[in-house]
Amino acid sequence: MEKESSSPWEMGLLKTFDSSEFVCWEKIGSGGFGQVYKVRHVHWKTWLAIKCSPSLHVDEKERMELLEEAKKMEMAKFRYILPVYGICKEPVGLVMEYMETGSLEKLLVSEPLPWELRFRIIHETAVGMNFLHCMSPPLLHLDLKPANILLDAHYHVKISDFGLAKCNGLSHSHDLSIDGLCGTIAYLPPERIKEKNRYFDTKHDVYSFSIVIWGVLTQKKPFAEENNILHIMVKVVKGHRPELPAVSKSRPRSCNNLIKLMQKCWQDNPSKRPTFQEITSETEDLCEKPEDETKEMISQDLTTKRSQEPTSEGMPALSHPKRESTPVSAKDYSLSELLSQLDSGISQTMEGPEELSRSSSESKLAPSDKRLSGVSSVDSAFSSRGSLSLSFERENSGSDIGTTDIQKRKLAEAILSGDTSKLMKILQPQDVDLVLDGSSSLLHLAVEAGQEECVKWLLLYNANPNLTNKKGSTPLHVAIEKKIKSIVELILARKINVNAKDEDQWTALHFAAQNGDEFSTRMLLDKNASLNEVDFEGRAPIHIACQHGQEQIVRILLRRGVNVDIKGKDGWVPLHYAAWQGHLSIVKLLGKQPGVNVNAQTADGRTPLHLAAQRGHYRVARILLELQCNVNIQNVLLQTALHVAAETGHTSTSRLLLNRGAEIEVATAEGCTALHLASRHGHLATTKLLLDEMANVLARGPLNRTALHLAAENGHAEVVEELVNSENVNDLDEEGLTSLHLAARGGHAKTVEILLKHGALPDLQSLKCQTPLQLAKQIGNSSVVMLLSET
């Protein structure tokens with residue numbers, strides 16, 4: 001007992017703790033090594049970790065092994081080695097510093113990591129191992145794997161678990177027990193598998209390090225496809241290694257160099273593997289000298305962006321489509337210019353807020369565009385994507401700038417340039433949700449700039465993905481609007497309000513529906529995005545998808561149970577939007593849905609057939625008629641689809657409607673037949689069609705006028721030529737005006753000439769005793785006056 005109580009004092013500064021010194025015991029890990037608890041020290045007012053033995057009753061041998069591990073960790077005090085404080089007596093355990101982030105193993109499977117962080121983890125692990133191997137004698141870890149690499153709150157490495165560590169000596173057979181191999185076998189070098197009794201040397205750890213590199217590059221477990229330990233052992237002995245990882249597009253040169261280093265470290269012959277001194281030289285270069293590669297990537301990325309700049313098509317729509325963000329200035333600002341202006345504190349407006357904002361939606365039909373709509377030794381930059389407007393208040397003097405403003409500027413500079421290394425250095429946990437001008441957060445800025453690596457780092461620091469900018473947009477809105485799928489996936493992995501609305505009441509699903517983004521649509525729906533959230537025009541995502549012709553999105557939404565007859569503003573259902581825009585395949589799809597109402601009417605009484613006829617979508621109209629749409633339904637103005645087609649001059653659609661039973665002599669609330677409307681608007685081909693279909697040329701409309709009156713009044717000479725005959729040439733309206741009166745009053749010389757040729761009487765007086773000549777003189781049209789005078 002005396003030996004046991006004095007042993008901690010024989011190991012430097014380590015002390016013995018009593019369990020009463022700890023409160024708030026919380027199990028945070030367990031395995032073959034035992035259990036790990038997070039505890040709070042009563043007097044130190046700080047969180048610690050206690051690694052306890054797996055045995056309920058700890059014998060003397062286990063107690064001595066635990067003390068031996070503590071002694072090794074005490075000997076290896078170093079920046080990248082987990083600090084140990086002592087031994088807890090009951091339960092028996094190792095008292096260590098608490099690592100907020102946990103193990104690298106846990107982090108690798110949690111979410112995609114920024115490449116700069118991956119490089120830093122690899123480098124810091126190599127530096128820590130190099131320190132162990134530089135001890136005299138070298139301290140061999142012998143169990144290096146992601147589970148034993150811990151990370152603090154700033155994601156810096158702390159190597160832990162020295163239970164198998166040795167200074168020298170032969171191994172023993174119990175070291176290779178099956179229990180111990182389950183999580184370790186993939187990290188054992190081939191010589192260790194082949195020769196159980198060989199001397200350990202530093203090249204054992206080098207091999208294990210190579211598999212750690214592989215795991216960090218791929219964020220996968222080595223040989224995960226193999227369930228049999230013996231199969232893995234045979235593969236390794238035969239020279240098989242995990243499949244080479246893909247090369248990062250953002251850092252291809254660094255990735256290639258790291259893969260080459262990994263391959264050197266896992267060579268079969270231990271003598272050909274590099275030492276950790278050699279390894280750290282290479283990893284340091286990877287982390288600290290990326291400038292040339294970064295400049296190349298920035299240049300390539302900007303060139304690609306300019307060459308692939310999307311163009312938005314203007315097309316008539318029910319409301320302005322949400323417009324894709326475009327470069328905010330006619331002038332091309334280089335990255336260095338933008339950042340130097342940020343550094344000097346000059347305000348950069350460059351039309352920013354206006355260009356980046358959506359135009360407000362309008363409910364009227366109008367052709368227009370709408371927005372489719374820590375301390376670290378690492379120092380490197382990533383490529384920049386796009387140029388953003390970011391303005392800061394103009395500084396009055398150097399001393400007037402607050403610390404927060406300076407930090408904002410530095411963080412914005414790092415994000416805009418894609419310098420993840422700099423961001424890793426300067427970002428503090430309390431700064432992660434700093435608000436920039438325009439109420440944008442750092443996460444908004446990173447998403448707008450398309451800087452995926454910066455987004456990863458901000459999310460690792462728990463940036464709030466639900467913050468909104470002054471337009472009400474969350475980072476998710478921005479990512480989906482800009483169609484950056486990788487960032488969408490990153491954000492949706494967090495706790496987020498997927499139904500958050502921007503200033504136009506658009507959810508992220510509205511943007512995905514508009515853009516035809518199937519990937520984001522499915523992800524949002526899997527995260528319980530609402531199918532029925534509506535914008536300020538009453539449009540749900542299904543309306544938006546139909547309006548923009550996104551058939552696959554419509555299919556996805558229908559499969560998820562959306563109401564096919566859901567009404568938006570003014571009673572518009574999805575079929576109205578599809579028919580108006582002429583999206584034939586969507587009209588077919590919707591028309592065949594169970595329970596769909598193909599005769600659904602808008603607030604002003606228009607059916608999908610009215611809308612198709614108005615826009616001249618012949619094939620859509622034909623499909624609607626095949627779906628048993630009622631051809632003679634009238635809107636609030638008592639117009640049928642034929643009235644609408646005739647008024648807009650869509651002759652083929654008019655013929656189709658007539659062939660499917662449209663009544664040719666039905667009058668509107670104004671009193672117009674289809675022939676009146678076609679004639680008034682000068683649609684010659686439609687007028688001829690209606691005459692061929694025996695439309696009554698003498699039918700009276702508004703003010704008791706015939707189709708000839710209306711054509712003459714508006715100067716449609718060719719239509720007048722088609723309509724005029726001896727029976728109607730001198731017909732009077734309710735004001736006593738003939739077609740010649742109306743043509744003369746309008747100054748239509750060609751029409752006057754045609755009417756005179758067909759026997760129009762120039763001396764007839766109206767009820768106001770006016771002749772055509774008098775009317776022509778009143779308006780001062782000399783050519784018409786001359787024609788009538790000669791007659």
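The values are calculated or read from the model by the stated rules, or taken from the named source; none is laboratory data. The structure presented is a predicted model; accordingly, all values stated were derived computationally and were not measured. All Cβ positions, even for glycine, are placed from backbone atoms using ideal geometry, and neighbour counts span all protein chains on display. To get the accessible areas, we keep the full protein, side chains included, count just its heavy atoms, and leave off ligands, DNA and RNA. Shrake-Rupley method; radii C 1.70, N 1.55, O 1.52, S 1.80 Å.
Among the protein heavy atoms of the range 15-97, carbon and sulfur supply 54% of the accessible surface, probe 1.4 Å, non-protein parts ignored. Only protein atoms count toward the accessible area here, which uses a 1.4 Å probe; on the range 706-790, the carbon and sulfur part of that area reaches 48 percent.
At what distance in angstrom do the alpha carbon centres of the range 510-569 and the range 229-267 lie from each other? Answer, in whole Å: 44. Per residue, the range 706-790 exposes 46 Å² of solvent-accessible protein surface, assessed with a 1.4 angstrom probe and all protein chains in place. For the range 611-684 versus the range 405-426, the spacing of their alpha-carbon centroids is 62 Å. In the range 528-684, the C-alpha radius of gyration followed by the widest Cα-Cα span (Dmax) gives 15.9, 55 angstrom. Radius of gyration over Kirkwood radius for the range 119-166, both on Cα atoms: the Rg/Rh ratio is 0.97. Rounded to the nearest 20 debye, the dipole size of the range 15-97 about its Cα centre is 360 debye, using +1 on the Cβ of Lys and Arg and -1 on the Cβ of Asp and Glu. Ordered from longest to shortest, the equivalent ellipsoid semi-axes for the range 535-619 are 17, 15, 12 Å, each the square root of 5 times a Cα gyration tensor eigenvalue. Ligands, DNA and RNA are left out, and with a 1.4 angstrom probe the accessible area of the range 15-97 is 52 Å² per residue.
A Cα-only calculation for the range 640-684 places Rg and Dmax at 9.4, 25 Å. The ellipsoid that matches the Cα gyration tensor of the range 36-82 has semi-axes, each √(5λ) in whole angstrom, of 21, 18, 9, with the longest given first. Straight-line reach from Lys768: taking Cα to Cα under 27 Å and skipping same-chain neighbours fewer than 8 places apart, the lysines in range are Lys750, Lys757, Lys777. May I ask you to list the residues of the range 102-129 whose amide nitrogen lies under 20 Å from a point 7 Å from Cα along the Cα→beta-carbon direction of Asn462? In the range 102-129, the label zone of Asn462 (backbone N under 20 Å from the point 7 Å along Cα→Cβ) covers 102-114.
Fraction of C-alpha pairs exceeding 15 angstrom in the range 198-287: 62 percent, rounded to a whole number.
Taking Cα centre as origin and charging only the Cβ of basic (Lys, Arg, +1) and acidic (Asp, Glu, -1) residues, the dipole magnitude of the range 475-516 rounds to 220 debye.
Just the Cα atoms of the range 706-790, one point each, no solvent: what log10 I(q)/I(0) does Debye give at q = 0.24 Å⁻¹? Those come out to -1.13, one per q. Residues Ile779, Ile480, ordered by accessible area of protein heavy atoms at a 1.4 angstrom probe radius and largest first, appear as Ile779, Ile480. Separation of the alpha carbons by more than 25 angstrom is noted, of Lys51/Lys106; Lys272/Lys456; Lys145/Lys235, for Lys272/Lys456.
Sorted into 5 angstrom bins from 0, the C-alpha pair distances of the range 15-97 split as 3, 15, 27, 26, 20, 8, 1 percent. From the largest down, the range 597-675 spans 30, 27, 20 angstrom on the principal axes of its Cα atoms. Between Ile81 and Ile159, the built amide H atoms are under 5 Å apart, and every one of these is 5 or more places off in sequence or on another chain.
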